[in-house]
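The values are calculated or read from the model by the stated rules, or taken from the named source; none is laboratory data. If you're wondering where the values come from, they're calculated on a predicted model, not measured in any experiment. Accessible surface areas use protein heavy atoms only, side chains included; no ligands, DNA or RNA. Shrake-Rupley method; radii C 1.70, N 1.55, O 1.52, S 1.80 Å.
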Amino acid sequence: MNPHSSRYGLILFFVYLTFYGGFVVINAFAPESMEKPLLSGLNVAIVYGFGLIIGAVVLSAVYGVLCGDVSRSESSEEKSA
């Protein structure tokens with residue numbers, strides 16, 4: 001494993017952790033704000049929750065793009081050796 005892959009993974013993990021932490025903090029200290037309608041009749045909790053899910057998929061795609069070239073170059077080096 002490339003050290004850059006680990007670094008990218010940790011950075012993206014902390015980005016996601018920040019957004020998830022915001023969700024938890026809002027639920028803990030201002031739960032009534034999660035009940036407010038936000039988008040097409042959906043409340044903040046639903047929109048934020050789906051945002052977290054979509055965000056996780058996007059971050060995993062970003063990780064794949066950032067680390068994909070590294071793994072491809074490593075596998076091509078192994079084939080040539």
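Values for this structure:
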{"read-out": "Fraction of accessible area attributable to carbon and sulfur, the stretch 5-68 (%, probe 1.4 Å)", "value": "77 percent"}
{"read-out": "For N43, distant residues with modelled amide H under 5 Å away", "value": "L38"}
{"read-out": "Binned Cα-Cα distance frequencies in the stretch 1-74 - 10 Å width, integer %", "value": "18, 37, 24, 15, 6, 0"}
